[in-house]
Structure formats: C-alpha cells, structure tokens
Amino acid sequence: MDKWGATCVINKEILMFTNFKLLLSTVLLFSLVMPVFSLEPFGGVLSLDGEDDYAILPFKEHGHIFPRNTHAFTVEVWFYPKTEPKEKDKDLILTQQVSIGLLAREKCILGQNQLCSYRHAYLSGNTAHGLVGSDSAIEKDQWNYIAIIFKNSTLCHATNDRISQGWRLPLVDRISLHINRPEGVQDFVVGGYGEDKFVAPNGGLLFQVSGFHGEINAIRFSNIARYDCAEQGHNPFDPPPRFLNDEHTLALWDFNDKEGADRFEDASGNGKTLIGMNGATVVDGGDVGSLEIRPDNSLATTWGQVKSESF
C-alpha cells in the first residue's frame, strides 16, 4: 500500500471514530433531556373491577384523614387504569378531602392511548372555602403517578414525570373540614361507592360517580408539601417509585397484604385500615404491566375557582 492509500485508511478510521463519538454524544445528550422512568410493583396491588367493588375508611370511626388546621399536604397515588369513563361518568380512584379520578375524554386534550384524569382539593380560609382542581392527560394500560401538593396557599399537581406551576389561592390556607356532601359519602373511599351517587341540579344529571377499573399500587397522605411546584409551565419531575413511611405520613396503603386479603393495613402505623367491599382484594402486582413514560405527554390543565359560598 502506498503512502496515499495508508493516509486514506487512517483518515477513514479517524472519521469513523469521530462519527462514533458524535453518535455517542448525541445518544447521551438525548438520554439527559428525555429521561425514562418505570414502575414494577413490589408485592401486592389493589385490584378493582369497576363494577361494585371498592375500599372504605368509615368516617364515623376515623373522621377526616387531614386534621383541622392542616396548612400543607401531599396526596399521591400510583394506579393502572384499564377502561375509559363513559360520557357523564367520573371513575373514582379516591375521595374525601382530596379527590382523584378519571373523566370522559372530551374534558382533556389527549394523545393516542391516553385518558383524562381529574384531581381536586377542598380548601378553606377565614372568609372562603371551596373546591379547586385540574384535568390532565394520563396513560391508559400503564402505571401512572399523580400527586396533589399544597403549601403557602399554593396548589399544584404532578402527573407522571411533570410537575405543574403552582396556583396561588390567597383566600385559602388550609385543607377543608367543611365538605357539602350527604352523610353517606363523607367516608374516605377508594375505587367507588357502594351505590351510584348523582349530582343532579334542577333534576338534570350533571355526572355520575362510577367505579374505577384497574389496579392501585400505593396511596400516601402526608402533612407536608413533599415536592416543589414548578416556577412556570410543567417542569420535569421524578416521581418516587416507592412510598416510604416517615414522621410526616398520616396514612400509607401499599397493599402488600396477603394475596386475597380484603383488609388493607395502614403502613404508617396510624391504624387507618381500609376495608375491601364486594370483592375488592389484593393480587400479585407482578402480573400488572410495567410503565415507561417520556416527558412529551400533553397536559391540559383547567383550574377551578374557590367560592365563598357552600359547595
């Protein structure tokens, strides 16, 4: 091989090496700006058929989960939805002072294989009380994470790998104990009610509370704001794959009870045992699909207004 040929081979190898470095750098950079998180449930999950099963923490025995004058809190849940709500249904994941569930798809801007979720909180102040919340897209047939965070009269939420800008509500500074509901629905419930409950002003059906069909991996109530709200828009967020018990945990259900159990122990040690109704039981979480989400999901958010009148 002559000198010119040898030089061409060397230059070709240098070019290949340079291209490889460029490709590697691009892949590494892409991985930095497009993080992926996954959830593989450890132990059991609560399985709900969306028909008539649910879990209940009776109000007469336990009262509200958040006590009077709770000025900061976080409620978070990992869940796996399997079906989409009907037009006027609200598939209930959990509710009492805070509510999380699913809505009909026209309530959100959705991508392929997405569902519309809602999250609400009942808030109070010296001169006002009311309901405030948002609607956002989540993923169907995958594990999803939702958190509601409140601190310094500011409410925000996290959805999978995004956390929202805080919504400042100057008239309210604490979670409400004044919730205008019939006595029969003051309980903390997961997955639905024992029977359908309707909101029907002037005799017209506004919506129907329906059962959630899917699995729930864990629920945690905390008396602190565990995460910082985004300064603007929806910023990247790394949700905790496991909920741990600590001094700020008021209730924690991880559903790691014996398979087939219909009483779900409170891992916080505060004795808030959920009671499974109509076949709500623990199953092996390893049989439920894993989650892989990238931060390109659309999040359509609509916040409600706090009202001075009863709600």
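Would you be able to tell me the number of residues in region 123-136 that are assigned to a strand (DSSP E or B) and at pLDDT below 95? Result for region 123-136: 8. Would you say ASN223 is modelled with pLDDT of 95 or more and in contact with a helix residue (DSSP H, G or I) (Cβ under 7 Å, 6 or more places away or on another chain)? The answer is no for ASN223.
Considered as a group, the residues in region 221-279 that are assigned to a loop (DSSP other than H, G, I, E, B) and among the aromatic types (Phe, Trp, Tyr) include one that is nearest to LEU155 (Cα to Cα), and that residue is TYR227.
The values are calculated or read from the model by the stated rules, or taken from the named source; none is laboratory data. Worth saying up front: this structure is predicted, and the values here are computed from it rather than measured. Every residue, glycine as well, gets a Cβ built from its backbone with ideal geometry; the counts of neighbours run over all protein chains shown.
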